[in-house]
Amino acid sequence: MKHMSKSGKSNEYIRKTNSNNRIKNPRRDSYDDNYNNHSKYVDISSGKTIKTRKLSFKKIASLTFFTILGLLGGLMVYAYTALNSYNYEGLPEETETVDEFGNDLINDSQVLNVMLIGSDSMSVGDHGRSDSLLIVSLDLKHKKIKVTSLMRDIWINIPGHGKDRFNAAYAYGGPQLTISTIEKTFGIRIDRYMVVDFDGFSKIVDTLGGIDIELTANECAYINKYSGDPHTLRGSGMKHLTGLQALHHSRNRNSIGSDYDRTKRQRNVIHAIIEKLKTANVVQITDFISTVGPLVTTNFKTSEIGKLGASAPEYLSYTMEEFRLPTNDNVRGETYDKKMVLVINDIVKAKKDLLNFIYEDDNMAQKESDKIKSQSSTQTKSNSTSSSSSTNSQAKNSTAKSSTSNSNRSYQSQKSNQTTTPSTESSGSSSKKSSSSATTKK
């Protein structure tokens with residue numbers, strides 16, 4: 001006897017129909033291509049027929065465009081905020097136009113010279129002292145990044161303040177006077193500057209996740225003792241430094257080479273930071289700029305920072321070279337006004353060495369050197385003749401007039417009253433010079 005269903009059809013008939021039509025089970029999680037190609041299907045949970053909608057190419061393209069536009073807009077807002085986070089402090093358009101010999105400053109559109117100043121204070125109205133003084137040169141012509149350390153104890157002419165240690169320029173007049181001192185003495189154009197204090201430097205390194213540097217056992221011991229960082233460094237070799245550790249490593253002069261060694265450590269830290277940035281992409285660099293911005297005071301414009309950030313991957317692939325001024329063969333230790341200082345023996349040679357390193361143009365450097373020597377010789381003869389012919393006239397001048405004249409000399413020393421002609425500096429003659437101190441050279 002055949003069993004009948006409620007619809008009046010036998011079960012055997014239903015089985016044959018199902019077998020012939022091969023109806024798929026609609027409860028499967030995925031459907032075959034044939035099923036998906038249907039324009040409508042029955043939702044068995046409700047029994048309703050649902051129509052599927054096809055998105056046109058035009059609608060998809062429009063949706064994609066506005067999605068990308070929204071992402072770009074958000075990125076631009078973020079980048080704008082990052083670029084404007086810097087503490088901008090402009091300088092006069094022309095801090096100096098000529099060096100102390102009256103020659104035009106050396107400048108090259110393919111070389112960007114940036115003064116980096118590490119300061120122990122960034123409070124309002126207080127420049128503090130410049131602990132680190134470096135010139136970073138981005139040389140597009142030779143595809144190099146060049147780092148020049150300027151030793152802070154160089155005995156140098158500071159415009160308006162006479163002879164003093166080089167780092168005193170920052171205490172007297174901040175980045176503007178520091179840059180003017182370099183431009184007047186060495187005859188090169190400083191295009192931009194960046195100032196960061198100790199706390200800011202530490203945070204910059206931490207933003208990068210620390211840096212890796214080769215250290216001696218003594219350097220590790222110094223960092224452990226003075227940094228205050230809980231991470232202990234043991235032995236010697238390649239070490240991973242936190243911000244605090246990198247800061248105190250940069251300030252360490254507790255070695256035989258004293259400040260000579262410290263400038264080398266500072267260049268090593270800069271090199272390690274550049275190496276760490278080499279692995280970053282544009283987004284990471286933008287994030288880095290956003291974090292670092294509030295910690296830095298600079299005269300870089302927003303547009304310039306944006307261009308540098310966009311080209312950073314290319315620039316960071318450049319070869320890095322190092323230099324220090326003064327060089328070992330052109331310096332001696334002296335004591336002036338009870339200050340231990342470094343006197344450059346031949347300022348003309350020092351200028352030539354610096355020009356050669358930054359611009360790699362020996363002909364230009366030699367030409368500038370010869371010009372200065374000629375001008376210096378002429379100036380010395382002129383001063384000698386003028387001094388001889390005006391002896392009687394000077395004797396008749398009143399003390400008040402003489403005092404007024406001296407106070408108007410840009411390079412008249414307010415402390416040592418030394419003659420500041422280049423020939424006098426080279427010979428090292430001074431009424432207040434005491435016994436020479438031994439300077440250990442690296």
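Structure data summary
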| quantity | calculated |
| --- | --- |
| Some residue of region 277-285 being in contact (Cβ under 8 Å) with a residue 60 or more places away in the chain and not in a helix (DSSP H, G or I) | no |
| Identity of the residue in region 85-105, in contact with a helix residue (DSSP H, G or I) (Cβ under 6 Å, 6 or more places away or on another chain) and either not in a loop (DSSP other than H, G, I, E, B) or not small (Gly, Ala, Ser) (or both), that ends up modelled with the highest pLDDT | 105 |
| Options 232, 263, 291; residue that is outside any helix (DSSP H, G or I) and of a type in the set (Val, Ile, Thr) | 232 |
| Sole residue being closer than 30 Å to residue 185 by Cα, among the charged types (D, E, K, R) and without any contact (Cβ under 8 Å) to a residue 12 or more places away in the chain, chosen from 337, 329 | 329 |
| Residue 183 vs. criteria over 15 Å from the mean Cα position of the chain (by Cα) and under 23 Å from residue 300 (Cβ atoms) | yes |
| Single unsatisfied condition, residue 256 versus (1) touching a helix residue (DSSP H, G or I) at 6+ places or on another chain (Cβ under 8 Å); (2) part of a loop (DSSP other than H, G, I, E, B); (3) β-branched (Val, Ile, Thr) | (1) |
| Test: residue in region 382-405 that is under 19 Å from residue 137 (Cβ atoms) and modelled with pLDDT under 85 | no |
| Matching residues in region 344-364 - criterion: being more than 26 Å from the chain's Cα centre (by Cα) and either buried (at least 21 other Cβ atoms within 10 Å of the Cβ) or without any contact (Cβ under 8 Å) to a residue 60 or more places away in the chain (or both) | 344, 347, 349, 362, 363 |
| Tally of residues being in a helix (DSSP H, G or I) and within 28 Å of residue 154 (Cα to Cα) across region 236-253 | 8 |
| All positions within region 309-328 that are in contact with a Ser or Thr (Cβ under 8 Å, 6 or more places away or on another chain) and modelled with pLDDT of 90 or more | 322, 323, 324, 325 |
| Which listed residue is over 18 Å from the mean Cα position of the chain (by Cα) and either at positive phi or surrounded by 17 or more Cβ atoms within 10 Å (Cβ to Cβ) (or both), from 257, 243, 237 | 237 |
| Residue within region 131-149 that is modelled with pLDDT under 95, on the phi > 0 side of the Ramachandran plot, crowded, with 18+ Cβ neighbours inside 10 Å and not β-branched (Val, Ile, Thr) present | no |
| Criterion (under 23 Å from residue 364 (Cα atoms) and modelled with pLDDT under 95) met by exactly one of 174, 187 | 187 |
| Residue 281 vs. criteria at pLDDT 90 or above, polar (S, T, N, Q) and more than 17 Å from residue 197 (Cβ to Cβ) | no |
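The values are calculated or read from the model by the stated rules, or taken from the named source; none is laboratory data. Just so we're clear, the structure is a prediction, and the values are computed from it rather than from any experiment. Backbone-built Cβ (ideal geometry, glycine too); neighbour counts: all protein chains shown.
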